[in-house]
Amino acid sequence: MSVCLVTGSGGLIGGETARFFASKGFDVVGVDNDMRSYFFGRQASTRWHVAKLSEGLPSYTHYAEDIRDPEAMDRVFARHGKDIAIVVHTAAQPSHDWAAREPLTDFDVNARATLILLEAVRKHCPEAVFIFTSTNKVYGDTPNALPLVETETRYELDESHPWHAQGIDETMSLDASTHSVFGASKVAADIMVQEYGRYFGMNTVVFRGGCLTGSGHSGAELHGFLAYLVKCGATGAPYTVFGYKGKQVRDNIHSSDLVNMFWHYFNAPRPGQVYNAGGGRHSNCSMLEAIALCEEITGREFNYTYADDNRVGDHMWWISDVSKFREHYPRWQYTYGIRDIVTEIYENTGERMSR
């Protein structure tokens, strides 16, 4: 039986990946030690998600191991060996603000652990596909130098710019910008994953995500913008908008649409490739627009305050151009728009609160 090994299996993308590949007949091996609760507190714990996977997927095997431990990773990979057909590496420290508190921990989790996993794959299952969930933050604050126009509810890229129609593509430079400590650690991992594809000929790929979201997200203030925003909207909890007048734009891709990207790549790998992966022009919103949509769907006034200071390295406008991926894999399509996503998160938030 082919094995799909997922790091961060209790997270949004990890859990979606586990369910998807189990439905395709794979045995799924999950690695997750709930570091998210260390990063963001008990309310962000992924234990509920791991329990749901363990109960709902007969083919699921869980390891509560630390991906920073090379001996532990070697044991996991040795146990499943050449049966591993695909490794989906979603585990990460994902927050700008948290990374600045503990830069060594951030780099260990995001960069060094990625190298440990790449070496484990090269040793035990070198033919396997290795999928890395990177981030658009590898571009640093370079997007903020784009010619933006302020409207009533959002910033928008000037119509004369070649990226206006589709969004930002993979040719944007990673250099000479402020990334945040988090962005810098993800750059290191991103480049290493590419190198193992180009230098060693392994089936590695980098997906540079926009806002990855869905009802499986354990959203927290420091990470998980849309899930946390809808959670606050549903419960009446206070929310803080950080800078840019609340007009900063994010593209939001549902976890299932992203995992479908993984599936298309798995079936026809292109070693060392990089793809921007977000909601694109199909699914995006500003902070103010997200709040208005949340009020409409929940039927209650949103409780938020505004802080003038934006987060370091934060983007004023980001929309991913996914046309490169679509050119390589033309059968892939979006299935969720922004309204679908917010509605699903809201309904799931109510269900989890009632348990």
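The values are calculated or read from the model by the stated rules, or taken from the named source; none is laboratory data. Here the structure is a predicted model, which means the values were calculated and not measured. Every residue, glycine as well, gets a Cβ built from its backbone with ideal geometry; the counts of neighbours run over all protein chains shown.
Observations on the model:
- If you go through the stretch 212-229 and keep only what is at pLDDT below 60 and within 9 Å of VAL342 (Cα to Cα), you end up with nothing.
- Pick from the stretch 259-282, criterion in contact with a strand residue (DSSP E or B) (Cβ under 7 Å, 6 or more places away or on another chain) and of a type in the set (Gly, Ala, Ser), ranking: farthest from ILE338 (Cα to Cα): GLY272
- When residues in the stretch 57-94 are screened for being within 23 Å of the chain's Cα centre (by Cα) and more than 18 Å from PHE130 (Cα to Cα), 11 of them pass.
- Of the residues making up the stretch 189-203, at least one is of a type outside the set (Gly, Ala, Ser), without any contact (Cβ under 8 Å) to a residue 12 or more places away in the chain and not in a helix (DSSP H, G or I).
- Within the stretch 1-44, the only residue that satisfies the criterion of being of a type in the set (D, E, K, R), in contact with a strand residue (DSSP E or B) (Cβ under 8 Å, 6 or more places away or on another chain) and surrounded by fewer than 21 Cβ atoms within 10 Å (Cβ to Cβ) is ASP27.
- Unique match (being under 18 Å from SER283 (Cα atoms), at pLDDT 95 or above and hydroxyl-bearing (Ser, Thr, Tyr)) among TYR155, TYR196: TYR155
- Residue that is modelled with the lowest pLDDT, among those in the stretch 298-321 that are of a type in the set (A, V, I, L, M) and in contact with an Asp or Glu (Cβ under 9 Å, 6 or more places away or on another chain): VAL312
- Those residues of the stretch 98-134 which are among the polar types (S, T, N, Q) and surrounded by 23 or more Cβ atoms within 10 Å (Cβ to Cβ), in sequence order: ASN110, THR114, THR133, SER134
- Spans of helices (runs of 4 or more DSSP H) in the stretch 239-330 with at least 1 residues under 21 Å from the mean Cα position of the chain (by Cα) and of a type in the set (Lys, Arg): 323-328
- Top-ranked residue in the stretch 117-161 [being among the charged types (D, E, K, R) and part of a helix (DSSP H, G or I); ranked as farthest from the chain's Cα centre (by Cα)]: LYS123
- Matching residues, the stretch 78-99, being within 20 Å of ASP34 (Cα to Cα) and hydrophobic (A, V, I, L, M, F, W, C): VAL87, VAL88, ALA91, ALA92, TRP98, ALA99
- SER37 touching a Lys or Arg at 6+ places or on another chain (Cβ under 9 Å), at pLDDT 90 or above and among the hydroxyl-bearing types (Ser, Thr, Tyr): yes
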